[in-house]
1. Under a 10 Å cutoff between Cα atoms, tell me which one of A154, A329, A208 has the largest fluctuation in the Gaussian network model of the chain.
2. Between L439 and residues 5 or more places away or on another chain, which pairs have amide H atoms under 5 Å apart, with H built 1.01 Å from N, and which residues are they?
3. So how far apart, in nm, are the two label points at A353 and E73 if each is 7 Å from Cα heading toward Cβ?
4. Report, to two decimal places, the Cα Rg of segment 157-214 normalised by 2.2 N^0.38 Å (N = number of residues).
5. Using the Cα gyration tensor of segment 194-255, with a ≥ b ≥ c the square roots of its eigenvalues, what is the shape: rounded (a/c below 1.5), prolate (a/b larger than b/c) or oblate (neither)?
6. Within segment 327-368, find all residues whose amide N lies under 17 Å from a label point positioned 7 Å from the Cα of Y110 along Cα-to-beta-carbon.
7. Between T62 and H320, what length comes free when the chain is fully extended (0.36 nm per residue of separation minus the Cα-Cα distance, one decimal in nm)?
8. Roughly how many nanometres apart are two label points built 7 Å out from the Cα toward the Cβ at N163 and T384?
Amino acid sequence: MMSIRALNGTRLGDPKQVGFEQLKQRIHAKLVDKLDMTRISELEGDVLRREIRYVVEHLCDTEDTLLNRSERERLIDEVLDETFGLGPLEALLKDPSISDILINGPKNVYVERRGKLEKTNVTFRDNDHLLQIVDRIISKVGRRVDETCPMVDARMPDGSRFNAIIPPLALDGAAVSIRRFGTNPLKLEDLLNFKAFTPEMVMLLEGAIKARLNIIVSGGTGSGKTTLLNTLSSFIPNTERIVTIEDAAELQLQQDHVVRLETRPPNIEGRGAITARDLVRNALRMRPERIIIGECRGAEALDMLQAMNTGHEGSMTTLHANSPRDALARLETMIMMAGFELPLKAMRTQVAAAIDVIVQTNRLQGGTRKVTHISEIVGMEQDTVVMQEIYRYEQEGVDENGRAYGRFVATGIRPSFMPRLEAAGVRLPSSAFRERVMLED
């Protein structure tokens, strides 16, 4: 298979590359003409791909290609990808170092590697070619996209999250975003090696989960909320029944007793939608011991808080916010989306009673992802929810490579929920909360 480096070794508009693309189109067209659909229907998987490869090799021999051996192999692989896979996307999807694929029309394809965006020389022939690949992806999950419904969300077979918006809404050709989720999710040791947090922070969060505290993971887009939620969920005992609720299934829990639920968008007639709120209400009837909502975005926040307040301790969710205090304000906004006109104090009392810990993640300059705050909600003072910060990350600057650096600090505050941890058999050393610098980048 052609590597991304090989792709990037050829300039866009290079006459040799243009000739290569024209040759590929001719061979692909001839392949389509030669295919015996009756014969194909009798073959499966690797056997089918091997048979088609023989045909493509023969077609290459009949063309006066003047290709060297590596170019010929690349041509054959790309024709096979166009026939069986997702065309130009195949090379990107096979690269494990890529976390996001961003397509801005047929000629501008970007990827994110290790937190940094870079442009590739991967292109589509034209917007029709790009739309053909989009249709190939979404048809597998029963979705459609056209002028009457020009936006689509879907989950790809490998678990990646797919979003597309097409003309006339996208002015320069279809815009596609693919958020990759590896088959082997990052584990606790990986995040510690990346210095996303410290061992003391891990001990506290592990104890909080085992003691069934309710936790919100807050952060911006791409800050690592889902990855962190996956990691934290590994501390849930294997004997508990967990119900997960997501818009696009991304969580990869390792426990045995997990019920995975996924929302459903409306059909072309605008009917049949199943929202996260519908699923939260239904989950309460399924005897869950913990409910995990992949992301709270709207009215389901009220049902989630009520579940946390009525015997489903140890539940977790994520939401978009830039700080722990912003997360509380965002929760209030989402509660109001449920259509209930609750007094502000009643709303905040509900939040303070339901949520125990807010874990803030941030994506810093240079793509570094850190747990920047672990804060405890301790109650109410008049109309204000009171929080205290236990650990935080202080950014000190940016190095010569443009990456942020700083230090993790213990504030010296001992959490008020420590008796709950001790009652659950979790013992943390008192030194874990001593005011000090714990780790520097």
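1. Of A154, A329, A208, the Gaussian network model singles out A329 as fluctuating most.
2. Here the answer is F408, since their amide H atoms fall under 5 Å of that of L439.
3. In this crude label model, A353 to E73 measures out at 6.7 nm.
4. 1.84
5. oblate
6. Only 363-368 pass the distance filter.
7. That works out to 87.2 nm of additional length.
8. In this crude label model, N163 to T384 measures out at 3.5 nm.
The values are calculated or read from the model by the stated rules, or taken from the named source; none is laboratory data. Source: prediction; values computed, not measured. Cβ sites come from the backbone with ideal geometry, for glycine too, and all protein chains shown count toward neighbours. These area figures cover heavy atoms from the full protein model, side chains too; ligands, DNA and RNA do not enter into them. Shrake-Rupley method; radii C 1.70, N 1.55, O 1.52, S 1.80 Å.
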